[in-house]
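Worksheet: one structure, shown below.
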Amino acid sequence: MQADQVILAAPAQVVAGLFAELDAAAAYALGNIPAYPLSIVHTGYRREDVGNPLDGFGMLCPSREGRNVLGILWPSSLFAGRAPEGHVLMTTFVGGARAADLALLANAALIDLVVGEQQALLDVVADPVFTRVARWERAIPQYVAGHAARMGLLAHLEVQYPGLHFLGNYRDGVSVERCWHKGHELGATLPLTVQA
């Protein structure tokens, strides 16, 4: 296949494997960006079992608080249809660089940990009526010393190979929102060519 534009928007370790033969140094640098496991636990409760009004986006738990979760989002407070009538949905993040070992707990232990934190933080008085666990082995890339040099190698490749683009949470910000904006910005700069 031939293409004028190639956007590599996979995780850093995957991208590293895709172009290892093209530039071994850049592939090595990308493949060795530290990233830690993250587990996400979705819990649904009856509205009357949660004392907190859940007004807003959610909450972050800074390390100085000593909590076992990174934060809790309240999707049903933000978007319609995220929970049945009379219920609420919470999304809790566990692990990352701060507590990678907790992200590796078995599902039952992970759910128990999350429910305990929700009870303490949000005045939850009953067990959830719904739970689901999602896991990412390497979720949040860390922008540690040397990261700017790693990104410089990618920028050099983009100059050396016009039409090659690197896009992902390992570059220019880890949030979903930042990745979306960077993708949108990149898409707006690319020429649109349609061939029949």
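Once you order the gyration tensor axes a ≥ b ≥ c over the Cα atoms, which shape class does the chain get: rounded for a/c under 1.5, otherwise prolate or oblate by comparing a/b with b/c? Write out the running numbers ahead of the final one.
Working: a/c = 2.86, a/b = 1.90, b/c = 1.51.
Judged from the Cα gyration tensor, the chain comes out prolate (a/c at least 1.5, a/b above b/c).
Would you mind ranking F93, F130 so that the residue whose beta carbon has the fewest other beta carbons within 10 Å leads the list? Intermediate results must be reported in sequence, preceding the final value.
Numbers: F93 21, F130 12.
Exposure proxy ranking, most exposed first: F130, F93.
Whole-Hz ³J(HN,Hα) for each residue in region 152-159, computed from phi via Karplus 6.51 cos²θ - 1.76 cosθ + 1.60 with θ = phi - 60°, x for glycine and proline: what do you get?
x, 4, 5, 4, 4, 5, 5, 6
Highest mean first, what order results for 120-128, 174-182 on Cβ atoms within 10 Å? Mind dumping the intermediate values first?
Values: 120-128: 15.4, 174-182: 12.7.
Top to bottom by mean Cβ count within 10 Å: 120-128, 174-182.
What list of ³J(HN,Hα) couplings, whole Hz, do you get for region 174-185 from phi and the Karplus terms 6.51, -1.76, 1.60, once you set θ to phi - 60° and write x for glycine and proline?
Along region 174-185, the couplings run 8, 6, 4, 4, 5, 4, 4, 4, 5, x, 5, 4 Hz.
Can you run phi through the Karplus equation (6.51, -1.76, 1.60; θ = phi - 60°) for region 82-94 and list ³J(HN,Hα) in whole Hz, with x for Gly and Pro?
Residue by residue, region 82-94 yields 7, 8, x, 3, x, 10, 10, 10, 10, 10, 10, 9, 10 Hz.
How big is the gap, in Å, between the Cα center of region 127-196 and the Cα center of region 98-113?
So the two Cα centres are separated by 27 Å.
Once amide H atoms are placed 1.01 Å from N in the peptide plane, what residues at a sequence separation of 5 or more from Y36, or on another chain, have their amide H within under 5 Å of its amide H?
Excluding prolines and chain starts, which carry no amide H, the hits are A139, I140.
In terms of modelled amide H atoms, which long-range or inter-chain residues lie less than 5 Å from the amide H of G71?
C61, F93
Which order results if V50, V41, V144 are arranged by neighbouring Cβ count within 10 Å, fewest first?
Arranged by neighbour count, lowest to highest, V50, V41, V144 become V144, V50, V41.
Using the Cα centre of the chain as origin and beta-carbon charges of +1 (Lys, Arg) and -1 (Asp, Glu), tell me which of N68, T43, A97 is placed farthest towards the positive end of the dipole.
Of the options given, the answer is A97.
Could you work out the helix-only [θ] at 222 nm for the chain, with each DSSP H run of four or more residues adding -39,500 (n - 2.57) and the total divided by the number of residues, to the nearest 500 deg cm²/dmol?
Details: 7 runs with 67 residues, N = 196.
That calculation yields -10000 deg cm²/dmol at 222 nm.
Read-outs: derived from the displayed coordinates by stated rules, not from any lab. For clarity, every value in this text was computed on a predicted model and none was experimentally measured. Every residue, glycine as well, gets a Cβ built from its backbone with ideal geometry; the counts of neighbours run over all protein chains shown.
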